[in-house]
Amino acid sequence: MVSHIEPHQYTLRRSVSCCGIGLHTGRPVTMTLKPASANSGITFFRSDLPADRVVPAHMDKVVDTTLATTIGEGTAKISTTEHLLAALRASGIDNVNIDIDAHEVPIMDGSAGPFVHLLQRGGRKQQRALRRILRITSPLTVTDGEKSIRIEPYNGFKVTGHICFGDDVIREQSYSVEVTPERFSSEIARARTFGFVEQVEQLWRNGLALGGNLNNVIAIHWDGRSILNEEGLRFDDEFVRHKVLDLIGDMALLGGPVLGHVIADRSGHGLHLDLMQSIVDNPQCWEYVKFQKKGNVIRRRTIHGTRTRPKQLPLFFPPPLRGRAGASACPA
Ligand SMILES: [Zn+2]
């Protein structure tokens, strides 16, 4: 049964904008989210560029996973996409056009909370077109040394994260959540990005994380026993919750809803992309659930992955990746 998954696609009811700074450049960014037509997906438009401005939010557009997930098309790049995409996916927004006047999504407070509020201001509008959902039917696992990520069949979209650091602040944390708009908003969205002070200082020396400060990053003290942010943590296990947030955002690059349970152990953006590529490469491990409307009755139909690739259902999987950047966690 997939009855708890809404069959219709959704977009925004009205356009909404926000301003902020890019985490790495420290420069101002203005972003406007606009309603989009059914089956168009999530698409970025670099409004500051004269041409080559369009970058679809799809996994085949990923050009870098170092520090954050960056997508690009031609000369246009959009970095730090994961927090915004997590808010869109978890809020059930399928189609949206995003005008952005710089190459970084604004970092806001380091979490997805401001984006959830932005989407609530925009409102959700149901569209006539029906969704297609990717349902995992057999487990898939990807490993990189001691890091691993696995997806297995599940009647919903569930994410379990586990991290293990050698300091006294994070130590070992696990978190598991059935991703719904309500639980994402209350348990995940406000979890902020984090980094060790020496890592942030190293990034600064390399001209990165120039917009990083205690208003948008949890900074772990040099001694590994405390954080520099005077207001403290928003959750005792805020660190692993943020990792779950990053994973939800990266998985949005599959292009639509997924039924499955993702279990991530010490994973990062690179391994998230590896898992998505593994799904693309193993169509025997998933199937599409496609909703169809006859009169006032909505039915669902199952289409096996092996029969549908690559052309029949273009909204989902793009062609295989040709080279990708190395794996990395989200440190700041
Ligand atoms: Zn993050």
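Ordered from longest to shortest, the equivalent ellipsoid semi-axes for region 132-209 are 30, 18, 14 Å, each the square root of 5 times a Cα gyration tensor eigenvalue.
The loop-placed trypsin sites (Lys or Arg not before Pro) in region 13-47, going by DSSP, that have at most 15 neighbouring Cβ atoms within 10 Å of their Cβ come out as Arg13, Arg14. Taken as Cα centroids, region 254-300 and region 134-166 sit 12 Å apart, rounded to the nearest whole angstrom. Within the shell defined by Cβ-Cβ distances under 15 Å, the residues around Asn206 carry a net charge of -2, with Lys and Arg each +1 and Asp and Glu each -1. Once both labels are positioned 7 Å from their Cα atoms along Cα-to-Cβ, the gap between Cys164 and His221 label points is 2.6 nm.
Taking label points 7 Å from Cα along the Cα-to-Cβ direction, Asn282 and Cys19 give a separation of 4.8 nm. Loop sites here are GluC sites (Glu not before Pro) outside DSSP states H, G, I, E and B with no more than 15 other Cβ atoms within 10 Å. The longest part of the chain free of them is 1-145. Among residues other than Arg234 with Cβ under 11 Å from its Cβ, the summed charge is -3 (Lys and Arg +1, Asp and Glu -1).
Considering only Cys18, Gln127, Thr43, and ranking their Cα positions along the charge dipole of region 8-130 that arises from unit charges at the beta-carbon of Lys, Arg, Asp and Glu, the one farthest toward the positive end is Gln127. According to the Cα-based calculation, Rg over Rh for region 8-130 is 0.94, with Rh computed by the Kirkwood formula. Computed extension gain for Lys294 through Glu172, at 0.36 nm per residue and net of the alpha carbon distance, reaches 38.8 nm. Here the chain carries DSSP beta bridges of which approximately 75% are antiparallel, counting only pairs with both residues inside. Would you work out what percent of the accessible area of region 132-320, with all protein chains in place, is carbon or sulfur (probe 1.4 Å)? It is 48 percent, rounded to a whole number. For the chain, the fraction of C-alpha pairs more than 25 angstrom apart is 48%. Taking Cβ atoms as reference points and 13 Å as the exclusive limit, the residues near Gly260 contribute a net charge of 0, counting Lys and Arg as +1 and Asp and Glu as -1. The residues of the chain expose on average 42 square angstrom of accessible surface per residue, using a 1.4 Å probe on protein heavy atoms. Here each label is just a point 7 Å from Cα along the line to Cβ, and for Glu198 and Ser47 those points are 4.3 nm apart. Once both axes come from the Cα atoms, what is the angle between helix 238-251 and the longest principal axis of the chain, in degrees from 0 to 90, rounded to 10? Approximately 40 degrees, to the nearest ten.
The values are calculated or read from the model by the stated rules, or taken from the named source; none is laboratory data. Since the structure is predicted, the reported quantities are computational estimates derived from the model, not experimental observations. Here Cβ is always computed from backbone atoms with ideal geometry, including for glycine, and neighbour counts include all displayed protein chains. These accessible areas exclude ligands, DNA and RNA; they are computed on the full protein's heavy atoms, side chains included. Shrake-Rupley method; radii C 1.70, N 1.55, O 1.52, S 1.80 Å.
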